[in-house]
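Written below as structure tokens is the structure these notes are about.
Any read-out appearing in this document is the output of simple, stated calculations on the displayed coordinates, not a laboratory observation. This one's a predicted model, so the numbers in the text were calculated from it and none came from an experiment. Cβ: placed from backbone, ideal geometry, glycine included. Neighbour counts: every protein chain shown.
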Amino acid sequence: MASFADAPAGNIANGEKIFKTKCAQCHVAENGGGHKQGPNLGGLFGRVSGTAAGFAFSKANKEAAVTWSEHSLYDYLLNPKKFMPGNKMVFAGLKKPEDRADLIAFLKQACA
């Protein structure tokens with residue numbers, strides 16, 4: 001699997017489109033927003049998996065103790081179930097490296 005270091009430069013506008021079509025039904029990206037089916041992603045970068053206050057995370061997500069960064073998120077978004085077996089996110093992943101890089105570029109801006 002190629003790493004984030006090998007990923008193309010992310011395009012924020014494309015990442016926003018990906019977020020709206022693939023993520024927004026379950027997640028909110030801005031700080032202070034409420035949780036949906038998935039946790040609010042505000043403040044995601046630097047946070048440890050399974051620790052967003054007020055959300056009922058799976059045991060797998062809590063025990064993985066992944067610190068979310070561009071690198072870990074890039075790998076997670078390829079195949080969430082493989083990256084973190086037992087997590088309850090219902091999402092097959094983003095297979096294209098440019099889609100993952102674009103989404104991360106958007107999230108870095110939206111979740112700050």
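Under a model in which nothing but the beta-carbon of Lys, Arg (+1) and Asp, Glu (-1) is charged, the chain shows a dipole of about 420 debye around its Cα centre. The relative contact order of the chain comes to 38 percent, based on Cα pairs under 8 Å that sit 6 or more residues apart. Note on the chain: with a GNM built from Cα contacts shorter than 10 Å, the maximum mean-square fluctuation among Glu63, Glu16, Glu30 falls on Glu63. Only the Cβ atoms of Lys and Arg (+1) and of Asp and Glu (-1) were treated as charged; on that basis the dipole of segment 26-89 about its Cα centre amounts to roughly 280 debye.
With runs of 4+ DSSP H residues as the only contributors, calculate the mean residue ellipticity of the chain at 222 nm using -39,500 (n - 2.57) per run, divided by the residue total and rounded to the nearest 500.
-9500 deg cm²/dmol
Near Leu107, once Lys and Arg are set to +1 and Asp and Glu to -1 for all other residues with Cβ below 14 Å from its Cβ, the sum equals +1. Neighbours of Tyr74 by Cβ distance under 13 Å: Lys/Arg scored +1, Asp/Glu scored -1, total -2.
Stretched out straight at 0.36 nm per residue, the stretch from Ala2 to Thr21 would grow longer than its current Cα-Cα span by 4.4 nm.
Under the simplified labelling scheme, the Thr67-Asn31 pair shows an inter-label distance of 1.9 nm, with each label point 7 Å from Cα along Cα→Cβ.
Placing unit charges on each Cβ (+1 for Lys and Arg, -1 for Asp and Glu) gives the chain a dipole about its Cα centre, and among Ser58, Tyr76, Ala5 the Cα reaching farthest toward its positive end belongs to Ser58. Cross-link partners of Lys62 among lysines, defined as those whose alpha carbon lies under 28 angstrom from its own and excluding same-chain residues fewer than eight positions apart: Lys20, Lys22, Lys36, Lys81, Lys82, Lys88, Lys95, Lys96, Lys108.
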